[in-house]
Amino acid sequence: MDTYILGIESSCDETSVSIVKNGCDEIATVILSQMDTHSTFGGVVPEIASRMHVENITIVVEECLKKANMKMEDIDAIAVTYGPGLIGCLLVGCSLAATLSYIYNKPLVPVHHIAGHIYANNLVSKMEFPLIALVVSGGHTDLIYMEDNYKFKKIGGTLDDAVGECYDKVARVIGVPYPGGPLVDKLSYKGNDTYPLPMPLDDDTYNFSFSGIKSAVINLVHNELQRGNEIRKEDIACSFQNRVVDILTKKTIRALKEYNVKNLIIAGGVSANSGIRNKFTEICNKEGIKLTIPNIKYCTDNAAMIACAGYFAYKKGIRADLDLKAEATVSLF
Ligand code: KG4
Ligand code: ZN
């Protein structure tokens, strides 16, 4: 029998609801992005984000059901992001999910946001275990070994900034407006790798460190400006992106070999990065590794990924009570 999960995601600035069948078939997804509103402020304003979720979330649920041509009665369980994220934003999704669960007598399934990003890959191709997941987002940079569904073992991660956070900071320093990451990515193709930026934490662990490369960019820009030189934004973007891609590929490929894994999945907002997508595709083809990356639309926050992860959590018997607590910081491990 088919299982239909209604997923709800509201951890940051996207209000999203989706219905997914059996953890892999997307029936309908609605994503309402608040990006235009926040871009005026140069970043997400938590209070505004929460209020916008409140205003929109029930409309998004109705729209999603209409798009799927389904009723709440057809849904088997409700999955919701309970953390990590902006607490006020998470609360809106959790309250709605608990209310729907109570009214329609449906099981309530809590989903960790990063589990969601990982399972966005199940919409592309069935995840084959064991696998290595490289999670690269605004708040996370983790290398994860998965022996089976819903078994997450961290083998390495960032010791300081997340890679997306670093992209956004570099963007600000070189005067690229919000949202910085995607624009630095685009800019990098117009430049050359001319600036000698350091290779970040090039050691034999699976950990990452991006604060050094961020500081190197900041110092470089300040020094050039002090000397009255013009900064070549395109070249900085290109040099920065190349170093980031180099270190991510180097450590990930080593992990695949050491753990003898034939499936690599990449997840999180920064998996939309074209440098990462191109370089990993090239290396995985050469090494005979199956590579899965979500479609661009599902790299950043969306509820389809929450419904996918929610299906596997549901099958594992993971449930929340109606007093499900939203958590701003919570580990997946
Ligand atoms: O996964 P996500 O939506 O948020 C978190 O869960 O943290 O990721 C957002 C992050 C932002 O830092 C954004 O700048 C970055 O992903 N990002 C990119 C690209 N697209 C989004 N960074 C580099 N290149 C991109 N193309
Ligand atoms: Zn995210």
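The values are calculated or read from the model by the stated rules, or taken from the named source; none is laboratory data. All values reported here derive from a predicted model rather than from experimental measurement. Glycine gets a Cβ as well: all are built from the backbone with ideal geometry, and neighbour counts include every protein chain shown. Each accessible area value is taken on the protein alone, full model and side chains, heavy atoms only, with ligands, DNA and RNA left out. Shrake-Rupley method; radii C 1.70, N 1.55, O 1.52, S 1.80 Å.
Annotations
- Of the residues making up region 141-155, those that are surrounded by 19 or more Cβ atoms within 10 Å (Cβ to Cβ) and either among the charged types (D, E, K, R) or over 14 Å from I265 (Cβ atoms) (or both) are T141, D142.
- Close contacts from region 163-177, counting a first residue that is farther than 10 Å from V217 by Cβ and a second that is outside any helix (DSSP H, G or I), with Cβ to Cβ under 6 Å and a gap of 6+ residues or different chains, come to V163/V136; V163/T141; V163/F210; G164/S137; G164/G138; E165/G138.
- Among residues of region 188-202 that are more than 23 Å from T141 (Cβ to Cβ), those with a beta-carbon under 8 Å from a residue that is open to solvent by 60 Å² or more (accessible area, probe 1.4 Å) at least six positions away or on a different chain give the pairs K190/E234; G191/R232; G191/K233; G191/E234; N192/E234; T194/R232.
- Selection within region 239-256 - free of Cβ contacts under 8 Å to residues at least 60 places away in the same chain and either charged (D, E, K, R) or buried (at least 22 other Cβ atoms within 10 Å of the Cβ) (or both): S239, Q241, R243, D246, K250, R254
- Residue list for region 257-273, filter: in a helix (DSSP H, G or I) and within 16 Å of ligand 2 (Cβ to nearest atom): G269, V270, S271, A272
- Of the residues making up region 257-271, those that are surrounded by fewer than 21 Cβ atoms within 10 Å (Cβ to Cβ), touching a helix residue (DSSP H, G or I) at 6+ places or on another chain (Cβ under 9 Å) and touching a residue at least 40 places away in the same chain (Cβ under 8 Å) number 2.
- Residue within region 86-109 that is within 16 Å of ligand 1 (Cβ to nearest atom), more than 16 Å from V17 (Cβ to Cβ) and open to solvent by less than 10 Å² (accessible area, probe 1.4 Å) present: no
- Of all residues in region 302-325 being assigned to a loop (DSSP other than H, G, I, E, B) and either without any contact (Cβ under 8 Å) to a residue 24 or more places away in the chain or crowded, with 24+ Cβ neighbours inside 10 Å (or both), the one that is farthest from the chain's Cα centre (by Cα): G317
- Condition met for I218 (open to solvent by less than 30 Å² (accessible area, probe 1.4 Å), at pLDDT 95 or above, assigned to a helix (DSSP H, G or I) and over 30 Å from N260 (Cβ atoms)): no
- Selected residue (criterion: nearest to the chain's Cα centre (by Cα)) from residues of region 221-233 that are part of a helix (DSSP H, G or I) and surrounded by fewer than 17 Cβ atoms within 10 Å (Cβ to Cβ): H222
- Among the residues of region 166-197, the one identified as open to solvent by less than 60 Å² (accessible area, probe 1.4 Å) and over 16 Å from I236 (Cβ atoms) is P179.
- Criterion: part of a helix (DSSP H, G or I) and farther than 22 Å from N121 by Cβ - qualifying residue of R254, R243: R243
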